[in-house]
1. I'm trying to understand the selection: among the residues of the stretch 773-809, which are of a type in the set (Asp, Glu) and under 24 Å from Tyr836 (Cα atoms)?
2. Looking at (1) more than 17 Å from Ser164 (Cα to Cα); (2) acidic (Asp, Glu); (3) part of a strand (DSSP E or B), which is the one condition that is false for Asp553?
3. List the residue pairs whose Cβ atoms are under 7 Å apart, where the first residue sits in the stretch 664-687 and is part of a strand (DSSP E or B), the second is of a type in the set (Ser, Thr, Tyr), and the two are 6 or more positions apart or on different chains.
4. Conditions first: (1) under 22 Å from Asn278 (Cα atoms); (2) of a type in the set (Phe, Trp, Tyr); (3) in contact with a Leu (Cβ under 7 Å, 6 or more places away or on another chain). Trp298 passes all but one, so which condition is the exception?
5. Is it the case that the stretch 114-126 has a residue that's of a type outside the set (Gly, Ala, Ser) and over 12 Å from the mean Cα position of the chain (by Cα)?
6. Only one of these conditions is not met by Lys265: (1) open to solvent by less than 20 Å² (accessible area, probe 1.4 Å); (2) modelled with pLDDT under 95. Which number is it?
7. Exactly one of (1) more than 24 Å from the chain's Cα centre (by Cα); (2) crowded, with 19+ Cβ neighbours inside 10 Å; (3) not basic (Lys, Arg) is unmet by Gly570. Its number?
8. Please give the number of the condition Ala761 fails out of (1) open to solvent by 70 Å² or more (accessible area, probe 1.4 Å); (2) without any contact (Cβ under 8 Å) to a residue 60 or more places away in the chain.
Amino acid sequence: MEAKLHAQLPRVIRYALVLPIAGAVSVYAQEAAEEEEVIVLEEFIVDETGAALNDTVMPTDREISGLFGEATSVLEVPRSVSLLSPEILDQFNIDDLSDLEKFGAGTQAVNYYGVAGAPTIRGVKGGTYLNGMLRAFNRNEMPLSFGSLEAIEVVKGPAPADFSPTLIGGFVNLLPKSPFFDEEAGSIEFEFDNWGRKTISADYGAPFLLPGDTPAAFRISLTGQDGESYYDDLSNDYTSVYGAIKFRPNDGMTVFIGGEYFDYKSNENPGWNRPTQNLVDNDQYVIGEAQDITSGVWLGTASRDDLYTDTRLAIEASLAEELVPQFGNLADMEFITDTDGVDKYVYTQQYFDNGGEAVTQKIDGSDVLTDPSDFADSTDVVLFGDLIFDSNSDRTFTVKGLAEFLETEKNSSYGYAFESEQTVLATKAFFTDYTLIPKTTITYGIGARYTDAKQLQDFWDEPFGRRDISQSEISPNSVILAGSQSPVGGNNQWARFGIGGNTESELLQLAAFASTQTKLIEDKLTIIASLRYEYADFDVSVPSEPDGVGAADRAAYAEAGSGNTDYLNGTIGASFEIIDGLSIYGNYLEGTSMDPAQGGALVGESNFAENEMWEVGVKASLIDNKLFASLAYYEWEQSSFNGRAGSSEALEGEGVEFETTWLATDHLTLIASYTWQEVKRVDPLGFRTIPFSDQDWALYGGALNSNFSGASFDGRDRYVDGNFGIPTDNTDLVYPGTPQQVIKLFALYEFGNGFSLNGSAVWQEEFYLDFDQQIELPDALIFSLGGKYATEKWELAATIENLSDEEYFLGSDPTFAANTLVTKAPERTYIVSFKYKF
């Protein structure tokens with residue numbers, strides 16, 4: 001036993017010594033591994049947090065996102081640029097593209113049937129990029145979702161040549177919500193207004209480690225809206241789900257991917273129909289219902305085949321006997337028993353010849369041409385991704401990608417239908433080299449973009465004035481079947497618009513591009529240049545849906561529209577720092593823009609629009625970076641695609657833009673801007689609606705007020721030499737629809753104890769609604785006032801928009817329907833929000 005004990009003793013002693021040491025080593029190794037994991041994650045957090053957006057209102061405090069080579073400051077960019085940080089979006093209460101008019105120069109809100117799908121910049125349409133990649137064209141398929149974006153860069157004028165081409169007015173680059181790198185964080189926010197809109201949003205994210213000790217961070221955002229608007233029978237409901245993740249598989253590689261699902265359920269807001277100067281000035285609306293042409297064949301609605309039979313409006317006998325004597329002689333009107341069995345009085349030319357006037361009544365701005373059964377429903381899925389290799393300090397390699405799938409279906413009972421499907425797949429890969437050319441950063445790469453788009457539209461017989469919106473009920477006599485709807489035993493209505501309006505296309509774009517940024521004269525002179533060659537191949541066809549289109553017509557359309565083209569886009573700009581903080585700049589751009597039809601489809605080579613622009617300006621950052629100011633003058637020319645006419649139209653524009661931000665004290669911030677702009681058509685006007693007086697609406701309101709309606713114009717000669725395309729009051733064809741001069745002022749005062757107040761004033765001069773300059777919209781001064789109380793955990797904010805209840809009007813796209821529709825802006829609006837942060 002003793003021998004055995006002595007034999008075991010060394011092992012026991014050995015275990016007694018080794019096991020604690022082994023345990024210590026194991027614990028140390030585990031702690032070292034955990035420490036290494038923590039270090040890896042902390043390095044990732046530090047790097048990404050340093051590159052994140054600064055939450056400030058001062059443009060020079062934030063870097064721009066690589067839109068112009070390696071220029072990192074707005075001072076270096078030889079273009080007019082407005083940067084909307086998260087703080088600006090919050091302070092100005094900017095929730096969609098129509099709100100862009102609240103901030104900066106050159107931005108407008110144009111009511112395109114109540115859906116802001118594309119920005120309006122410098123008086124014309126602009127494009128939309130996400131993370132530097134061009135998104136699917138969205139004229140007004142759906143409002144652009146803000147659920148995925150954290151900040152916006154608004155660039156005036158066409159995109160730099162190394163970007164996919166878009167429209168002449170300019171573009172917005174949406175910076176997607178970046179994952180939360182510094183800490184686990186989240187928030188829930190509720191917002192509502194006095195018109196019944198309710199919005200709830202939730203945001204959450206955190207850094208973490210993926211398998212293999214890969215540092216990463218994520219972010220998820222959910223937004224839902226339900227409710228009504230200022231305008232009667234108009235809703236704006238949507239759901240947005242956004243997610244993003246960023247991770248670093250190794251020291252020289254970073255991956256950023258994200259995506260959003262957006263589901264929109266609403267209807268369009270055409271505004272007031274039957275517009276006249278009397279309606280704009282006095283809210284006096286021409287009443288009366290078109291004569292009854294309902295038909296069982298047309299499912300009890302108005303017969304499209306009989307719309308132009310008799311276009312005069314009628315007033316029910318009891319109402320006419322009460323009201324007409326105040327406006328004229330009732331005996332001069334024609335008494336009828338309409339086909340619906342109701343006694344009515346119908347306007348006659350004799351009534352007006354004898355001094356009679358159209359019967360009008362006062363209506364509210366909320367009374368609009370909208371039917372509760374109307375719908376404008378869309379679904380959009382957008383995915384994006386970045387892959388960056390930066391292990392080599394001399395150069396980086398970047399791959400960007402975007403995929404988007406957009407579907408829309410609309411119907412408005414006054415005679416409008418639209419459907420579209422759009423798929424976009426795009427990628428580009430490029431090197432950024434810092435040593436290839438001395439004092440120069442050069443970026444060079446290739447890109448590819450595939451677009452499959454289809455649109456169906458029917459608004460050929462769209463008699464906006466047929467419906468009396470002063471009435472509480474919508475008459476079947478003012479309902480027009482359109483689109484996929486069809487009469488008994490008949491075809492659907494798509495083909496009525498023409499096969500050019502119903503089009504399907506596949507487009508493949510292949511590009512090679514390069515851009516350079518050179519710094520000379522002790523880095524005071526920055527020269528930025530870019531060049532892009534692009535080849536485009538497109539196949540155009542007629543969709544299968546329109547009934548009654550023969551094989552021969554389909555083949556002829558496809559042959560005429562399909563083809564290929566190639567083009568060069570080039571730009572050069574320079575910025576010179578005269579003294580510290582004061583620079584002058586100039587920029588010239590020439591190339592081709594893409595201007596597709598409304599649903600993103602092509603009809604042919606006319607969708608490729610030539611453009612040219614030059615711009616000069618001054619930028620300053622003074623008083624220790626507490627005062628920023630920029631002044632720009634520009635001129636441009638471009639062809640724009642007219643979806644109603646199916647052809648391109650030449651435009652030209654010029655303007656002056658001024659912006660300034662001043663941190664006046666530690667508590668007071670002042671922001672201001674001034675815009676003057678003028679856009680002109682070079683070509684005579686094409687097919688469009690024509691201006692009506694009160695009398696014209698009474699005599700011709702039952703049908704579309706186009707140049708084919710036979711309207712008398714009260715005997716006036718409104719056109720040069722009888723040319724319908726050149727109005728005598730606007731021979732220069734100055735573009736209407738937006739004010740030419742706008743001044744915006746904003747003040748923010750932070751008390752330092754969590755309370756802050758802000759106020760704004762926007763003045764816009766009077767402007768014409770239509771090319772014919774028959775309806776002038778008044779100037780306006782719009783005030784807003786807001787306040788907020790914030791702690792580390794929660795925020796409570798309230799805003800009053802249109803504080804003085806100013807009566808003013810929204811501009812509109814004047815291409816086709818400006819003489820037929822006008823929209824009054826909302827009355828005083830109260831908005832309250834509550835945010836809880838965790």
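1. Glu792, Glu795, Glu801
2. Result: Asp553 fails condition (3) only.
3. Sorted first by the residue in the stretch 664-687, then by its partner, the pairs are Leu668/Tyr749; Ile671/Thr661; Ala672/Thr660; Val679/Tyr735; Lys680/Tyr735; Arg681/Tyr735.
4. Condition (1) is where Trp298 drops out.
5. In the first step, residues of the stretch 114-126 are kept if they are of a type outside the set (Gly, Ala, Ser); the result is 115, 119-122, 124-125.
Subset that is over 12 Å from the mean Cα position of the chain (by Cα): 122.
Checked against the condition, which is being of a type outside the set (Gly, Ala, Ser) and over 12 Å from the mean Cα position of the chain (by Cα), the stretch 114-126 yields at least one hit.
6. Of (1) open to solvent by less than 20 Å² (accessible area, probe 1.4 Å); (2) modelled with pLDDT under 95, only one is false for Lys265: (1).
7. Going through (1) more than 24 Å from the chain's Cα centre (by Cα); (2) crowded, with 19+ Cβ neighbours inside 10 Å; (3) not basic (Lys, Arg) one by one, Gly570 breaks only (2).
8. It is condition (1) that Ala761 fails.
The values are calculated or read from the model by the stated rules, or taken from the named source; none is laboratory data. Model, not experiment: these values are computed from the prediction. Glycine also receives a Cβ, built like all others from the backbone with ideal geometry; neighbour counts cover every protein chain displayed. Surface areas here come from the heavy atoms of the whole protein model, side chains and all, with no ligands, DNA or RNA. Shrake-Rupley method; radii C 1.70, N 1.55, O 1.52, S 1.80 Å.
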